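**Student:** Quick one: the structure is below, questions incoming.
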Amino acid sequence: MNTIARALFIIGWITIASGIILAFTNFQVVVGYEEPLTSFSEPEPIVEESFTVFISYVVAGLVVGIMMLGFGEIVNLLDRIHRSINGNPGTDSETKNKKGEVSKYNQFIQDSINN
């Protein structure tokens, strides 16, 4: 797998995980403050749990993460196409050819030209 594709896959999974973690840590919303008992103490916040904030963090993490996974897959496929066109199959087991064997793409081009 290409280095850039691998990095995009990792970023995608990290983004999905962080969206879920942020959803669990930030779903409480401050709606007001209690009056302090003395003038020297700070007011206590009043918090409520918001399901919409939770869902928005999860959805944002999933959407951005899946987009990064998709970009990683696109980069990987383009790299495999580039390697097969240039006759350098790389390390992918499914694109490895023996020496002297014509790749499927080159065979397709040869057949198209001859027909």
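**Student:** Take the residues in the range 73-115 that are modelled with pLDDT under 60 and hydroxyl-bearing (S, T, Y); name whichever of them is surrounded by the most Cβ atoms within 10 Å (Cβ to Cβ).
**Tutor:** T95
**Student:** Another one. For residues that are under 18 Å from L77 (Cβ atoms) and either over 16 Å from the mean Cα position of the chain (by Cα) or modelled with pLDDT under 90 (or both), scanning just the range 1-22, find the one that is surrounded by the fewest Cβ atoms within 10 Å (Cβ to Cβ).
**Tutor:** M1
**Student:** Please tell me if T25 is over 30 Å from N76 (Cα atoms), of a type in the set (V, I, T), within 32 Å of the chain's Cα centre (by Cα) and exposed (fewer than 12 other Cβ atoms within 10 Å of the Cβ).
**Tutor:** yes
**Student:** Restricting to the range 37-57, what's the tally of residues that are among the hydroxyl-bearing types (S, T, Y) and assigned to a loop (DSSP other than H, G, I, E, B)?
**Tutor:** The number of residues fulfilling the criteria is 4.
The values are calculated or read from the model by the stated rules, or taken from the named source; none is laboratory data. Everything numeric in this text was worked out from a predicted model, so none of it was measured. Backbone-built Cβ (ideal geometry, glycine too); neighbour counts: all protein chains shown.
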